[in-house]
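Presented below is the structure to which this report refers.
Readers should treat all values here as calculations from the given coordinates under stated rules, not as data from a laboratory. Here the structure is a predicted model, which is why all the values come from computation and not from measurement. No Cβ is skipped: glycine too gets one built from the backbone with ideal geometry, and neighbour counts run over all protein chains shown.
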């Protein structure tokens, strides 16, 4: 009977260890899931802030155009580069925000003033699934320990840090016609001869600021906004 009690005690000990191990494994799994969730939430907040930053910069381009070409706001508010002096046709033949995607570039004027311009980007969304470091690295941002952004190094899988890609997506210039459902989509590009693109009627430039943030999986956020040719 004493031997049976010893076996029962050993069995109880093994069961207790199994229960304890299961409990510890569950706690560890919950902690890992929590850390992963917090990390992803932090990156999502960063991505949202990056998207909002580019929305503000697009507004800055419009405002710079208004200040620089104050006598002809209607024709010049969609210039992609507000600092270029093209005096022919009062901005009507200048490069404009149009049906393509863009990246924003910070440049310095001759008077050492910082300003932003819309620069050409891939015609479609970045193909993050087919990430090509030779092409896409120039569009990437990583968050450094010094609380600053820098171009990401070439990172093979698995990546050790989050990489961000951002892009302005053009949705169209619309003339605000209350008699038309959805309003009228205008096609205003370089050397545009359509006077509807340059007149004083109320218009909306609809665009989205999209940010991809990737590590071992791809996520994205997209903020869509409107830019008008009147004070807003």
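Neighbouring Cβ atoms within 10 Å as the yardstick, rank 105, 58 fewest first.
The order, fewest Cβ neighbours first, is 105, 58.
How would you rank 56, 100, going from fewest to most other Cβ atoms within 10 Å of each one's own Cβ?
56, 100
Multiply the residue gap between residue 41 and residue 106 by 0.36 nm, knock off their C-alpha separation, and tell me the result in nm, one decimal place.
20.6 nm
How do 79, 73, 203 rank when sorted from fewest to most other Cβ atoms within 10 Å of their own Cβ?
Ascending Cβ contact count within 10 Å gives the list 73, 79, 203.
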